[in-house]
1. Protein chains only, probe 1.4 Å: how do Val27, Val33, Val84 rank by accessible area, largest first?
2. With the radius of gyration and the Kirkwood radius both derived from the Cα set of the stretch 2-140, what is their ratio Rg to Rh?
3. Give the dimensionless ratio obtained when the Cα radius of gyration of the chain is divided by 2.2 N^0.38 Å.
4. Would you check the accessible area of Phe49, probe 1.4 Å, heavy atoms only, in square angstrom rounded to 10?
5. Straight distance only, please: which aspartates and glutamates reach the Cα of Lys294 with their own Cα at less than 19 Å, same-chain residues fewer than 8 apart left out?
6. What's the center-to-center distance, using Cα atoms, between the stretch 165-184 and the stretch 1-45 in Å?
7. If you rank Trp238, Trp125 by how much accessible surface each has, with a 1.4 Å probe, what is the order from largest down?
8. Just reorder Thr143, Thr309 by solvent-accessible area, largest first, 1.4 Å probe, all chains present.
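The values are calculated or read from the model by the stated rules, or taken from the named source; none is laboratory data. Every value quoted in this text rests on a predicted model; they were computed, and no experiment measured them. Using ideal geometry, Cβ is built from the backbone for each residue, glycine included, and neighbour counts are taken over all protein chains shown. All accessible areas refer to the heavy atoms of the entire protein, side chains included, with ligands and DNA or RNA removed. Shrake-Rupley method; radii C 1.70, N 1.55, O 1.52, S 1.80 Å.
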Amino acid sequence: PRMLLLPQGRDTVEFSVGVQRNSQLPVEGQLRVSASADYAIPKDRHDVFLREQRAELIGFKVEAPRERRAGVDVLSIRLGATSVALPVHKVDVNLSAKKLRIGVLRSRDDTLANVLGVGGLGLSWSELTDADIAAADLSQFDTIVVDIRALRDRPAARNGFSRLLAFAKGAGHRLVVFYQKNVEFHPAGEAFRGAPFEPFHVGKSRVTRADAPVEVLLPDHVLMSQPNIIRARDWDGWVQERAVYVPEVYSDEYEEILRFGDPGLDKEQGALLYARTGDGEYVYCALALWRQLKILHEGSVRILVNLLTPSRT
């Protein structure tokens, strides 16, 4: 991975190093991972010998000190004259969600998968295929996430989306839909319904200023307070933009959580929408969260964990 995430309360992180031979000559040497004295690496060395084999994947486990401050440490990975620096982002995030069972309708982007997995939050998650959406027992999950633009080129997933909406009605369940393009959420010629209450129309609006001031309309809302209280500084240091493809028309059943906008334009209030549906919950998130998760921005990780954690009441 390009970087690792070490949340508060988690002492170990795992990752793999790939070694590839790109010449006719064999590759021979010792692969070594090193860190500061506070870190422990039970097996920090691995002998590599690639003669006929083209590549090898070697796994490592790193144990971090229990007492640590949020920030970034760096692991050093070396094989011969080649070295790589691997940042470890120590994030102040409450992981009471660590026992959650999460289903993910994946997109072509692997950011969310990397953050959820063993090199990130260490949560238990499974990828949902079109067949899973059509027939699997979805009640085994606490939360199902539709990743950014995951609905494009997946007519079978759109056809079976009613089962995801039915899942969202279950007690202790939450369906989280990250932003989709307007033409993907409203495909021409399809009566696709991706939200529990109508009307719900995704537009083309975006907030391009990454530093646009954020007004939290409902600071005590579950999305802003459980299990992490979202702080003002969690919105600082975002890159590129605040939100994309913001819903422009939606039912009064949806609660507006945030308000922000570009200078000189009307402020958007639909970038994060929440609704109770049956005994469960539905969330539509048009925040440009994935861009922040790519760099393991601390605030975005805290917001993500809140989105993943269903309300228990």
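1. Ranked list, largest accessible area first: Val84, Val27, Val33.
2. Values: Rg = 17.9 Å, Rh = 17.2 Å.
Taking Rg over the Kirkwood Rh, I get 1.04.
3. Expressed relative to 2.2 N^0.38 Å, the Cα Rg reads 1.09.
4. About 100 Å², rounded to the nearest 10.
5. Glu14, Asp73, Asp92, Asp109, Asp110, Asp147, Asp211, Asp234, Asp236, Glu241
6. The stretch 165-184 and the stretch 1-45 have Cα centres spaced 37 Å from each other.
7. Listed by decreasing accessible area, they come as Trp125, Trp238.
8. Correct descending sequence by accessible area is Thr309, Thr143.
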